[in-house]
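J.: First the structure, which I've put down as structure tokens, then a few questions once you've had a look.
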Amino acid sequence: MAASQFYKLGSDLARLSDSETWAHYVRLHPQTKIGFLHAASGQLYLMLTDRALGHNGVLRYADNVTELLEVAHDALFREGEIEVL
């Protein structure tokens, strides 16, 4: 992984950890974790995993943190935890 990609990943993960949406999602789903997958093409994917499902507990692959936030937002909306005006 190139240094610029490494720093971008770090800043993206910092943005995720600062997000109120993500904090609320993790409070409701404490078993949720973020994993990484390096594809043969060199692409880095983020994985949303659920420890309760074991090693095969990948819920979603994402190209970036924005996609993970969208997943969390959608889940909170479907669970009635947030309203969208």
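J.: Relative contact order for the chain using alpha-carbon pairs under 8 Å, separation at least 6, rounded to a whole percent?
T.: On the way: 82 pairs, mean separation 19.7, N = 85.
In percent, rounded to a whole number, it is 23.
J.: Can you tell me the orientation of helix 3-18 relative to the chain, as the angle in degrees between its alpha-carbon axis and the longest Cα principal axis, to the nearest 10?
T.: 10
Bear in mind that the values in this text are calculations on the coordinates, not laboratory data. All figures in this text were calculated on a predicted structure; none of them were measured in a lab.
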